[in-house]
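Quick notes on the structure that follows.
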Amino acid sequence: MIAFEVYGDPHDVIAGVRLITPAVSLGSVDTLIQHPASISHRIVAEGDRRSAGVSDRLLRMSVGLEDVEDLWRDLTQALSAPPAAPLRAAAPAASGQPVAVPGPAGR
Amino acid sequence: MDAMDHGLSVTLRALATEAVHAGREDLAGLGLHAPPLDLSTTYPSYDARAEAARIDEFATTGARLDGPPVYARLDNPTVARFEEALARLEGAEAAVAFASGMAALTAVLLARASQGLRHVVAVRPLYGCSDHLLDAGLLGTEVTWTDPAGIADAIRPDTGLVMVESPANPTLAEADIRAIAHSCGSVPLLVDNTFATPVLQRPVEQGARIVLHSATKYLGGHGDVMGGVVACDEEFARTLRQVRFATGGVLHPLAGYLLLRGLSTLPVRVRAASSSAAELVRRLATDPGSPASTTRGSAAR
């Protein structure tokens, strides 16, 4: 497991991964990345979340079994990429932009 | 009960060996290689008096039934193999499986609250829905949030549980489980071990009485099975089985089968993923062009 804060918009990183799976949950054979403030910890009140160290810039990545060079290549391009429309939105969105998930979700 | 009887007689083996063989010791004697998948919801019997006696026994003690489980909400032989294996990996006497990690946590809270112990002391952060279940008091419990140093002072006469998650979701903050267990006194400490798995951390050895897993994660390992499990002593497991029987949050036998299968590769998967995670953390922390600020890796020991 890895957790890190980004200087830029964490949503751009989620939208920018191509090999890494942009999904909640963890511990799978494939690498998963998610934005806790939007998904896994969305149900926790904002103040409680932040005081527990879960900042809005934090990303959580569950490292899987892919080759580490392939993971590094995908992660660095996602961290460096300018804001872009995602290939697939997390939920239906007329604008093609990612949609914030309003309710609680998995870990 | 064959699997369990065989298991108890087995001498101490390395974790990687247990991961492959625990819960399966009787298979060769049965002439089988893969564990049988029992999908029965009910178990026929021509002797209703004997079944009544067995139900009374379960209702009184919560001990696993000898022979067919009467009805699938009491027990399932395939799920029991997963429970036996997970208990062995955690170094616990028993394990009780549930439909999800949240169903498992719910059963623990109900087990304690039903004894009049409705107060919980907990350390943030926890997984978001664990936080929510405690904070909203959905099960009639009351929570006091504290840091590890404040646990002893937060405990009251009606405190039934102290809960921590280490490494914590999602910050990967780690807690000193042994020190926290000491602070708990006679109140049982629950450690959510979903992130570390028994490959990297065995909380029972550090004084925790209850170990919680979202089995959906590393234990299953392939994103295709949802489940939860509690590893604990047999006394508390009996209460959990009674709660599971009454509230119905059972693990499906196919999920039990897949989780047992997942356990066999758990040590290999966790070590491989940890190695890659450690390398990514090293690069994120040292790459001058890296757009990540603070980085924290875990389960990389």
Express in nm, to one decimal, how much length is gained between B:Leu32 and B:Ala53 on full extension, taking 0.36 nm for each residue of separation and deducting their alpha carbon distance. 4.4 nm
Within segment B:175-201, which residues have the backbone N less than 20 Å from the label spot 7 Å out from B:Asp233 along Cα→beta-carbon, could you tell me? B:177-193
Scoring segment B:1-157 by relative contact order with C-alpha pairs under 8 Å, at least six apart, yields a percentage of 17 percent
Once normalised by the length of segment B:92-264, the mean sequence separation of its alpha carbon contacts under 8 Å that are 6 or more apart gives a contact order in percent of 29 percent
What average number of partner chain Cβ atoms lie no more than 10 Å from the Cβ of the residues making up A:46-59? 4
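Could you work out the helix-only [θ] at 222 nm for the protein assembly as shown, with each DSSP H run of four or more residues adding -39,500 (n - 2.57) and the total divided by the number of residues, to the nearest 500 deg cm²/dmol? Working shown, then result.
Working: 14 runs with 154 residues, N = 408.
Helix-only estimate at 222 nm: -11500 deg cm²/dmol.
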I'd like the mean, over residues of A:35-42, of how many other protein chain beta carbons sit within 10 Å of each residue's own Cβ. 4
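In a shell of Cβ-Cβ distance under 12 Å around B:Ala173, excluding B:Ala173 itself, what net charge do Lys and Arg (+1) and Asp and Glu (-1) give?
-2
Based on DSSP, what percent of beta bridges with both residues in the protein assembly as shown are antiparallel, to the nearest 5?
Of those bridges, close to 55 percent are antiparallel.
How many percent of the alpha carbon pairs in segment B:86-140 exceed a separation of 18 Å?
Values: 620 of 1485 pairs.
Result: 42 percent of Cα pairs exceed 18 Å.
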Could you give the angle, 0 to 90 degrees to the nearest 10, between helix B:234-247's Cα long axis and the longest principal axis of the Cα atoms of chain B? 80 degrees
Determine the percent antiparallel among the DSSP beta bridges restricted to chain B, to the nearest 5. 40 percent
If one computes P(r) from the Cα atoms of segment B:92-264, what percent of pairs lie at distances over 24 Å? 28 percent
Chain B, relative contact order [Cα under 8 Å, separation at least 6], %: 22 percent
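Just tell me how shielded B:123-135 is by partners: mean number of partner chain Cβ atoms within 10 Å of each residue's Cβ, no decimals.
Mean shielding by partner chains, rounded to a whole number: 6.
Can you tell me how much longer the chain between B:Asp224 and B:Asp287 gets when fully stretched, taken as 0.36 nm per residue apart minus their C-alpha distance, in nm with one decimal?
19.2 nm
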By average C-beta atoms within 10 angstrom, highest first, the peptides B:113-126, A:6-19: B:113-126, A:6-19
Charge sum, other residues only, whose C-beta stays under 14 Å from B:Ser40's C-beta, Lys/Arg counted +1 and Asp/Glu -1: -1
Could you work out how far helix B:48-61 tilts from the main Cα principal axis of chain B, as a 0 to 90 degree angle to the nearest 10? 30 degrees
Using the Cα centre as the reference, give the magnitude of the dipole from point charges on the C-beta atoms of segment B:92-264 (Lys, Arg: +1; Asp, Glu: -1; all else neutral), rounded to the nearest 20 debye. 400 debye
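Values in this text are rule-based calculations from the coordinates and carry no lab data. This one's a predicted model, so the numbers in the text were calculated from it and none came from an experiment. Cβ coordinates were reconstructed from backbone atoms using ideal geometry, including for glycine residues, and neighbour counts include every protein chain displayed.
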